[in-house]
Each structure stands twice: as structure tokens, then as C-alpha cells.
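Everything below concerns the one structure shown next.
The values are calculated or read from the model by the stated rules, or taken from the named source; none is laboratory data. Here the structure is a predicted model, which is why all the values come from computation and not from measurement. Cβ coordinates were reconstructed from backbone atoms using ideal geometry, including for glycine residues, and neighbour counts include every protein chain displayed. The protein model used for the area step is the full one, side chains on, heavy atoms only, and it has no ligands, DNA or RNA in it. Shrake-Rupley method; radii C 1.70, N 1.55, O 1.52, S 1.80 Å.
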Amino acid sequence: MKVKWSDRIIKWFFGIPGIVDERIKVEIGRASIKALIGIFIFELVFNDIIITIAMSGRITDFESFFYITTLIQILAILSIIAMFTIIVLRHRGVISEEVSSEGKNQAINRIRNKWLRLAPIGFIIFWLLNTSLNIENQNFFKVMFSLKEIVGALIFSIIFFPMMYFYEKGNIHVIKDDNND
Amino acid sequence: MNQVRKYRREQKLSQIALAEKIGVARQTINLIENDKYNPSLDLCLKLAWALKTDLNTLFWRDKDEGKME
């Protein structure tokens, strides 16, 4: 069966392990509308507050104010999306991977190998990104091979990749062949 | 309650086998069997064809029968 591009994007974006069928699209649609309403309300309230604070005359350092509000906005939007889509979809079983009891170890090994393969690539990407953010008119390679950058990228990799492995492992759901629950 | 489970068992199909046959997730079959998901007409037809029966037999219910959850 030919898989549509839109289905492939949905599958990739939400991390759906199986087929993207009509029920999954309905679940995603419902969750996405809730997330959209959540973001809309947040933006409305947050921007009102920001404008009121900015116009009150209490702010002297607008550059720091901009960075702080941007950071709050990014964190809040990510949290709303996580709350309304990832958690809801996980609860509804949309992003859980179903395996038989014999296939569980195989699935765990596949996930472990996937994240072991991705770890060095992720390490290099984070290392390069972090270096480019911290360059401050210095020699790129000097900054890149500084202990601070290497340790930073290592800490990120040590935290992020095992976390993703355990997250995906937690999404494995063992079923009987004729599961009626 | 619809008759999907009954006819699936008559055809000696597991939920996984039926799901693969009509191109949906196993959970979708499970939810349909338990009256927790209202499938589209297209999916109802696929189910009827896969279970070698018709829509009436699978899904018809009288007015006074309980509604879906």
C-alpha cells in the first residue's frame, strides 16, 4: 500500500510507530486543536502582560527583557504542545509500539541500537552548534576543541540520548495476539 | 454492540491479522469491537469485505439499543 506524504510527515512528527490510520488522524486532530487553543490563550494573555510591563516604564534593559520573554514563550509553547499532544496521544495509545511478548527484546535492542547510532551524530551536531554560539570573534577550532565545549557536548549526549532511549522503551506495549482489553 | 468480534472469530482472524488485512492499527480494531470508536463508512465497508459479510450484519442496531460511548 502506498503511504501518502502527509501520513509520513504525521508519522515522523508525532513519532507514531505503526500505521497512520483514520482513528490516529482523528486523535491527532483533536489533540492538535486543544494545543492550538491552549497556545492562542497563552499568547493572548502573555502578550497583554508583556505589553503592560513594557509600557509601565519599569523596564530599563529591554535587551534582557526581550531574551527573557522569548525564552518564557518558547518554554511555554513547548510545554503546551507536550501536554496537549505527546501526553494525550501517549495516554490514548497512539504513540505506543505494540509488540508480542517474544518480540519485546528485539524491539528494545532495535531502539537501543538506533540511539547508539544517533548518539555520535547528535554529539557532533550539538558540539558544532554550541561552538558556533560561543565563538565571540575567536578562532572556531580553538573554541571547538576547548575542554568546555567538549564537556558540554558530552554532558548533553550523556543526558539526552539515554533519556530518549528510555522514553521510547517506555512506549513499548506487549500484547497478546488476540488482545481484547 | 456491533458484530465485528464475532465475525472476526468466525473467520479465525486475530485482531492483528484483520488490522493488517484492511490497513489499520490493531488498536483501531480493538476500539471498534468495544464500541469505543465510530469508524468511517469506508472503513466499515473494508471490515465487511474482509469479514465476508455486509454492513447491516456487522453494525445494524435497533433504535432502543445502547448508544456508543
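At-a-glance table
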| read-out | value |
| --- | --- |
| Any hit, the stretch A:140-150, residues being out of contact with any His (no Cβ under 6 Å at 6 or more places or on another chain), of a type in the set (V, I, T), over 30 Å from B:I29 (Cβ atoms) and open to solvent by 60 Å² or more (accessible area, probe 1.4 Å) | no |
| Those residues of the stretch A:132-181 which are assigned to a loop (DSSP other than H, G, I, E, B) and more than 30 Å from A:Q106 (Cβ to Cβ), in sequence order | A:N134, A:I135, A:E136, A:N137, A:Q138, A:N139, A:F145, A:S146 |
| Every residue from the stretch A:9-21 that is open to solvent by 50 Å² or more (accessible area, probe 1.4 Å), within 13 Å of chain B (Cβ to nearest Cβ) and modelled with pLDDT of 85 or more | A:K11, A:I19 |
| Helices (runs of 4 or more DSSP H) wholly inside chain B that include at least 1 residues being open to solvent by 60 Å² or more (accessible area, probe 1.4 Å) | B:4-10, B:15-22, B:41-50, B:55-59 |
| Residues (under 30 Å from B:E20 (Cα atoms) and in contact (Cβ under 8 Å) with a residue 24 or more places away in the chain) located in the stretch A:127-175 | A:M164, A:Y165, A:E168, A:K169, A:N171, A:I172, A:H173, A:V174, A:I175 |
| Failed item in (1) surrounded by fewer than 15 Cβ atoms within 10 Å (Cβ to Cβ); (2) of a type in the set (V, I, T); (3) outside any helix (DSSP H, G or I), with A:T52 passing the rest | (3) |
| The stretch A:65-109: number of residues that are of a type outside the set (A, V, I, L, M, F, W, C), open to solvent by 50 Å² or more (accessible area, probe 1.4 Å) and without any contact (Cβ under 8 Å) to a residue 40 or more places away in the chain | 7 |
| Matching residues, the stretch A:23-49, being within 14 Å of another protein chain (Cβ to nearest Cβ), in contact with a helix residue (DSSP H, G or I) (Cβ under 9 Å, 6 or more places away or on another chain) and open to solvent by 50 Å² or more (accessible area, probe 1.4 Å) | A:K25, A:R30 |
| Enumeration of residues in the stretch A:151-164 that are open to solvent by less than 40 Å² (accessible area, probe 1.4 Å), closer than 27 Å to A:L89 by Cα and of a type outside the set (A, V, I, L, M, F, W, C) | A:S157 |
